[in-house]
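Let me begin by presenting the structure, written as structure tokens, before commenting on it.
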Amino acid sequence: MAISSLFLYCFLCLWLGHAVLRLEASHHVYRSLQTYSELTSSHHHPDTEPYRTGYHFQPPKNWINDPNGPLIYKGIYHLFYQYNPKGVVWGNIVWAHSTSTDLVNWTPHDAAIFPSQPSDINGCWSGSATILPSGKPVILYTGINPQNQQVQNLAYPKNLSDPFLREWVKVPQNPLMAPTQANHINASSFRDPTTAWLGPDKRWRVIIGSKQNQRGLAILYRSKDFLSWVKAKHPLHSAKKTGMWECPDFFPVSIHGQNGLDSSENGPAVKHVLKASLDNTKHEYYTIGTYNIDKDIYIPDKGSVESDSGLRYDYGKFYASKTFFDSSKNRRILWGWINESSSVEGDIKKGWSGLQAIPRTLWLAKSGKQLVQWPVQEIEKLRGKTVKLPSTVLKGGSVREVVGVTAAQADVEITFGISDFKKAEVLDPSWTDPQLLCGQKSATVKGSLGPFGLYVLASKDLKEYTAVFYRIFKANNKYVVLLCSDQSRSSLNKDNDKTTYGAFVKVDPLREKLSLRNLIDHSIVESFGGEGKACITARVYPTLAIDDDAHLYAFNYGTEDVKITGSAWSLKTAKIN
Ligand SMILES: *[C@@H]1O[C@H](CO)[C@@H](O)[C@H](O)[C@H]1NC(C)=O
Ligand SMILES: *[C@@H]1O[C@H](CO)[C@@H](O)[C@H](O)[C@H]1NC(C)=O
Ligand SMILES: *[C@@H]1O[C@H](CO)[C@@H](O)[C@H](O)[C@H]1NC(C)=O
């Protein structure tokens, strides 16, 4: 019922025309496709679609983007997400809603939040959930008002006895935060409220992404009652020349161990993390620092910056991410949107666009200088029979197939042992950009210590494959480890974006084992290097390496031998929506 009245609204939006098209968003508005794609996607047969995934979160059809308001309530995990009920391109955005008891299998519900009042009549954009001290969840989200201004709204569950939280009510006071002449907020650049946190003064705080000229901002608001919000004089943090900060996230991490913390925790055993998704680069950066509650400002540690020389959760396709605290298992979990790397024509053909990455537990590394991420342990229950890779030496120039695993839908963990580092290539000091370096020294460029790794989603004749590999370089008295995900031969189809991604992995290969885990799922390859110290997600569209015709190989294209050991698992299909 809700959905059909929404359809009517958006049908009107289209005919009311240009107002919608003038919206300042980070997405193109493909006006002609809003209805066209609805027609085409209704003829689409998901079961015969080679790029649909087996265990990644996606709805049956249409466009999705940012994960919204993840939370756990009465033992049920909730995921909301930005969704276009009418087509495969961005538009008509509502909060779609699914729930799960294990973060693996998901049940869909009706849209939870959709345009229904002036403060969100032109769209219900991203936001976050906060669990109040009473245990009641509330959601702050960005609404687009009749003037196409971005404003912040509050919604709460209609029935707290319903563990699925199927219906949400908007407060009549909406919008609670809005751009005015007095507060100098740019009405086209004011979105994506975070989870709120409580200070020792019993006041709530929340940040909202913004910019002033090209300075990216985390605008800070405070409230005593969650309804009446007052803008602080200064932002929580800002950085020049970074442009619009979308989907900010701000949370504490423990300096001891891997347990997650509630967003309101602070104190000497806690560091804070601030993440921003930069509209300018379509990359996310996070910094680690200290939250000074007296001044209500966040101060990143020295050298921690929001740019390509800073830290990223993921060095591939991964954007608009958001964490939440899972109080049932004392962990902080990260959700992120995985965009397509295909053309709009490709998206129309397959009838859908976008998925969510496998949720990752994240915590502060022992060094205190970066985060570590690992797929939630629940994903391991999809593992079928184990294929053990006996400990073998992969001679320079050799390729070895890993047989007995469904290579299109698999989980692979492999460890590389190196005994002789003498011949490592010398790292030129100008090679500071890992993505560029991976592009120049791709999988087919012979080296000494590497490239070694895996060919995933590979065709039998190796006409198609995605190469995920390491190279080890020597740099004044230390070794530098580079992880690459090379998509250049991932598909015979030329229309896709096949950028090669790269990351430096902060491991010392002399003292630590060098490991690689891959979650392979038909058109996604999520790579975790150095036990979660560097992650790279890639979208690929093989034309030969599909389903049973996909293969998995270990390879070494360096001159030096590498010893490999590990396991691979076929992954079962999850029940998703
Ligand atoms: C609230 O939810 C519970 C559990 O689903 C249900 O039994 C009850 O009827 C609901 N109450 C109302 C007023 O809808
Ligand atoms: C406000 O943000 C929009 C969208 O990025 C931009 O086009 C405009 O120039 C900004 N206005 C000001 C006054 O900075
Ligand atoms: C999503 O992917 C498309 C196609 O590769 C690209 O044009 C767009 O910039 C991407 N957006 C983000 C946020 O990554």
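Odds and ends about this structure:
- Set Ser264, Ser254, Ser277: member being closer than 15 Å to Trp197 by Cβ and of a type in the set (Ser, Thr, Tyr): Ser264
- The residues of the stretch 196-217 that are of a type outside the set (Lys, Arg) and more than 16 Å from ligand 2 (Cβ to nearest atom), listed by number, are Ala196, Trp197, Leu198, Gly199, Pro200, Asp201, Trp204, Val206, Ile207.
- Residue, farthest from ligand 1 (Cβ to nearest atom), within the stretch 237-261, restricted to residues that are hydrophobic (A, V, I, L, M, F, W, C) and within 24 Å of Ser126 (Cα to Cα): Ala239
- Any hit, the stretch 236-254, residues being touching a residue at least 60 places away in the same chain (Cβ under 8 Å) and at positive phi: yes
- Restricting attention to the stretch 403-440, the residues that are under 17 Å from Leu516 (Cβ atoms) and either basic (Lys, Arg) or in a helix (DSSP H, G or I) (or both) add up to 2.
- Matching residues, the stretch 159-201, being within 16 Å of ligand 1 (Cβ to nearest atom), more than 19 Å from Pro70 (Cβ to Cβ) and touching a Phe, Trp or Tyr at 6+ places or on another chain (Cβ under 9 Å): Val169
- Per-region count, the stretch 421-468, residues surrounded by fewer than 16 Cβ atoms within 10 Å (Cβ to Cβ), farther than 19 Å from Tyr51 by Cα and charged (D, E, K, R): 6
- Restricting attention to the stretch 47-85, the residues that are outside any strand (DSSP E or B), within 16 Å of ligand 1 (Cβ to nearest atom) and not basic (Lys, Arg) total 1.
- Strands (runs of 3 or more DSSP E) (entirely within the stretch 496-577) containing at least 1 residues that are touching a helix residue (DSSP H, G or I) at 6+ places or on another chain (Cβ under 8 Å): 501-505, 514-521, 562-571
- Filter result (surrounded by 16 or more Cβ atoms within 10 Å (Cβ to Cβ), β-branched (Val, Ile, Thr) and assigned to a strand (DSSP E or B)) within the stretch 380-402: Val387
- Subset of the stretch 549-573 [crowded, with 23+ Cβ neighbours inside 10 Å and either touching a Cys at 6+ places or on another chain (Cβ under 7 Å) or small (Gly, Ala, Ser) (or both)]: Ala550, Ala554, Gly558, Ala568
- Residues located in the stretch 200-215, provided they are more than 16 Å from ligand 3 (Cβ to nearest atom) and closer than 19 Å to Pro248 by Cα: Trp204, Arg205, Val206, Ile207, Ile208, Ser210, Lys211, Gln212, Asn213, Gln214, Arg215
- The selection criterion, being over 27 Å from the mean Cα position of the chain (by Cα), among the polar types (S, T, N, Q) and buried (at least 16 other Cβ atoms within 10 Å of the Cβ), does not hold for Ser515.
- Any hit, the stretch 319-329, residues being buried (at least 22 other Cβ atoms within 10 Å of the Cβ), assigned to a strand (DSSP E or B) and either in contact with a helix residue (DSSP H, G or I) (Cβ under 9 Å, 6 or more places away or on another chain) or small (Gly, Ala, Ser) (or both): yes
- Residues of the stretch 452-475 that are closer than 19 Å to Lys498 by Cβ and in a strand (DSSP E or B): Gly453, Leu454, Tyr455, Val456, Leu457, Ala458, Thr466, Ala467, Val468, Phe469.
- Flag if Lys158 is basic (Lys, Arg) and either touching a helix residue (DSSP H, G or I) at 6+ places or on another chain (Cβ under 9 Å) or within 16 Å of ligand 2 (Cβ to nearest atom) (or both): no
- Any hit, the stretch 351-368, residues being of a type in the set (D, E, K, R) and buried (at least 21 other Cβ atoms within 10 Å of the Cβ): yes
- Pairs are defined by a Cβ separation below 8 Å, a sequence spacing of at least 6 or placement on different chains, a first member in the stretch 312-337 that is within 19 Å of Val138 (Cα to Cα), and a second member that is within 16 Å of ligand 1 (Cβ to nearest atom) and at pLDDT 95 or above; the pairs so defined are Ser328/Gly75.
- Only a single criterion out of (1) outside any loop (DSSP other than H, G, I, E, B); (2) more than 14 Å from ligand 3 (Cβ to nearest atom) is not satisfied by Gly346, namely (2).
The values are calculated or read from the model by the stated rules, or taken from the named source; none is laboratory data. All values derive from a computational prediction rather than experimental measurement. With ideal geometry, Cβ positions are generated from the backbone for all residues, glycine too; neighbour counts draw on all protein chains shown.
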